[in-house]
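Written below as structure tokens is the structure these notes are about.
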Amino acid sequence: MDFSIISENLHYYFDGLLITVQLTGISLLLGLIFAIPLAVLRTSRNFILTMPIRFFVYVFRGTPLIVQMFIIYYGLGQFDFVKFGFGVFQEGFNPDNIGNQTFLWKYFFSEAYFCALFAFTLNTCAYTIEIIRGAIESTPFGEVEAAKSVGMSRTMMLRRIILPSSLRRAFPAYGNEVIFMLHGSALASVITLMDITGAAGIINARYYAPYEAYITAGVFYLCITFTIVWLFKKIEKRIYAHLAPYVDKTQKTAAVN
Amino acid sequence: MFTLYGYFDSIMEGTWVTLNLALSSLGVAVLLGILGALGKLSNSRPLRSITLAYTTIIRGIPDLVLMLLIFYGGQMLVNNLAFALGYEEYVDINPFIAGVGTIGFIFGAYMAETFRGAIMAVSKGQLEAGASFGMTRLQVFIRILVPQMIRYALPSFGNNWLVMIKATAIVSVIGLDDMVRKAGIAAGATRKPFTFYLFVAFNYLIFTTVSTYILAWAERRYSIGERRA
């Protein structure tokens, strides 16, 4: 094995690292922002309200991410109205005129970057809804009871008691989701994006050096994975501080109970 | 008539490949998982280090990267080996075998963690009782440990299986004719990618839904002996 190939081309990997981190970070953030309110709605007892959310979660958790990405990236172009707007249904429409393209198509859905981001966001949103829903449903009833007994309204109870308590409980599972999404982002290379895996693809194609190219990519991913795991452990330690065994600093031994 | 522009049979062939691939990989993964779990729990330090490295590294790298590494790298390795042994023709690895090996190898690492937890959940007294009856270690494993660990392993095993079915979609990238690739070919020919990928997504949804029901049934069946509050 000849790793000088890699050291000469390391900039490809660092450019790729940026794309990977962007894709993962933005989709996780957007997914979480949408997932919290949807998870709250999902716990409602109104069937008409929960049905669409159930369906969304069921479909996105039941199909592979790569297929979701293909449907969005390759699939949407099948429909003329996505490309040219609803004018296509009118008579005398000429699709050869490029100026007719819709704003959404021109700047978003014809771009691989946006399509990957869109697919990842929907996917992580579905998984996150399920994680948060589980946490909300496992809120100890005593907490809810206590909130009611001091006369909190439903929204105040949600804001002050249920959400802080359940988001804290959802945290470890969310850590797994973050790593899952990081690994899922490698699929972006399949639709031509130059993330870390894409960079490895270039090196492999140029030098026919699969070991060097993909082992380097693997090392990059391992480093990010370990960093995330370390970070989540640190945050967990902080947000679970009230559950940690009591340490008497003057005696430097853990007090029992 | 529902023929999907004449590609229905072709995609169904791909579906069959996907199903075979998933089930064969499951076999490999379970085997590697049990070996990995036993290695992790063994008294030998080198065995523990090897299995720890296996589970940590595999679970820290995306499936796609591992698949490309094993597929391209394995191809090179086999050819170099063949050449060193005096075999001069180019050896082409069967993509199905490569796919099964790769997915099995990756999910073996996840299964190892599942089985390790399940083995640890079986109380030690059970194994000691087996030994005190004069059973060999293999007998204790098959008659005492396995039947009891299944109950603890099932929930996490089920999750791994669901993730694994979906991971089979990635092998289309390395050229195996599974349903995603067949759909890609059909989409290219007819310019109807949405239709075909949606159909494939629907097939996956059927697989995962049926699996969920079977797993729920198995979990109920294996926890018959458990008292519930």
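Here, each number is a calculation from the coordinates, and none is a lab measurement. The structure presented is a predicted model; accordingly, all values stated were derived computationally and were not measured. Because the Cβ atoms are built from the backbone with ideal geometry, glycine has one as well, and the counts that use them run over all protein chains shown.
Calculated from the alpha-carbon coordinates, the stretch A:1-113 shows an Rg and a Dmax of 20.5, 63 Å respectively. Dividing the summed helix terms, -39500 (n - 2.57) for each DSSP H run of n ≥ 4, by the number of residues in chain A produces a 222 nm estimate of -21500 deg cm²/dmol to the nearest 500. Could you calculate the FRET efficiency of A:Ala112 with A:Asp80 from 1/(1 + (r/R0)^6), where r is the beta carbon distance between them and R0 is 25 Å, rounded to 0.05? That pair, A:Ala112 with A:Asp80, gives E of 0.75. For B:Ala216 and B:Lys124, the FRET efficiency from 1/(1 + (r/R0)^6), where r spans their Cβ atoms and R0 equals 25 Å, is about 0.25. The longest stretch of chain B left intact once loop-based chymotrypsin sites (Phe, Trp or Tyr not before Pro) with at most 15 other Cβ atoms within 10 Å are removed from consideration, loops following DSSP, is B:134-229. All alpha carbon pair distances within the stretch B:9-222 were sorted into 5 Å bins beginning at 0; the resulting P(r) in whole percents reads 1, 7, 12, 15, 16, 15, 12, 9, 7, 4, 2, 1, 0, 0. Suppose R0 equals 51 Å; then what is the FRET efficiency for A:Phe55 and B:Ile50 from their Cβ-Cβ distance, rounded to the nearest 0.05? E(calc), rounded to 0.05, equals 0.70. Counting other Cβ atoms within 10 Å as a rough exposure proxy, the listed residues A:Glu145, A:Glu236 run A:Glu145, A:Glu236 from fewest neighbours to most.
Under 14 Å of direct C-alpha separation, and excluding same-chain neighbours fewer than eight residues apart, B:Lys124 reaches no aspartates and glutamates at all. Here is the list for the stretch A:1-55: trypsin sites (Lys or Arg not before Pro) lying in DSSP coil, each with at most 15 other C-beta atoms within 10 angstrom of its C-beta, are A:Arg45. Each of A:His11, A:His183 was scored by other Cβ atoms within 10 Å of its Cβ. Arranged with the fewest first, they read A:His11, A:His183. Sorted into 10 angstrom bins from 0, the C-alpha pair distances of the stretch A:4-254 split as 6, 22, 26, 22, 15, 7, 2, 0, 0 percent.
Over all other residues within a Cβ to Cβ distance under 13 Å of A:Leu65, the charged ones net out to 0, with Lys and Arg as +1 and Asp and Glu as -1. Our analysis of the stretch B:1-102 gives Rg over Rh at 1.11, with the two radii drawn from alpha carbon positions and Rh computed by the Kirkwood formula. Taking a straight line from the alpha carbon of A:Lys83, these lysines sit under 18 Å away, with near neighbours fewer than eight places off in the same chain left out: A:Lys106, B:Lys192.
Given charges of +1 on the Cβ of Lys and Arg and -1 on the Cβ of Asp and Glu, with all other atoms neutral, how large is the dipole of the stretch A:154-256 about its Cα centre, in debye to the nearest 20?
760
For the stretch A:154-224, chymotrypsin sites (Phe, Trp or Tyr not before Pro) are listed when DSSP marks them as loop and at most 12 other Cβ atoms sit within 10 Å of their Cβ; the list is A:Tyr208. Counted by Cβ distance under 12 Å from B:Ile174, the other residues give a net charge of -2, where Lys and Arg count +1 and Asp and Glu count -1.
From largest to smallest, what semi-axes in whole angstrom does the stretch B:134-229 give when each is the square root of 5 times an eigenvalue of its alpha carbon gyration tensor?
So the equivalent ellipsoid measures 40, 17, 7 Å along its semi-axes.
Summarising the overall dimensions of the protein assembly as shown from its C-alpha atoms, the Rg and Dmax are 25.4, 88 angstrom.
In the stretch A:140-257, inverting the average of 1/r over every pair of distinct C-alpha atoms gives 18.5 Å as the Kirkwood radius.
For the segment A:194-206, counting C-beta atoms of other chains within 10 Å of every residue's C-beta and taking the mean gives 1.
Short-range pairs are left out: with C-alpha atoms under 8 Å and at least six residues apart, the relative contact order of chain A is 28 percent.
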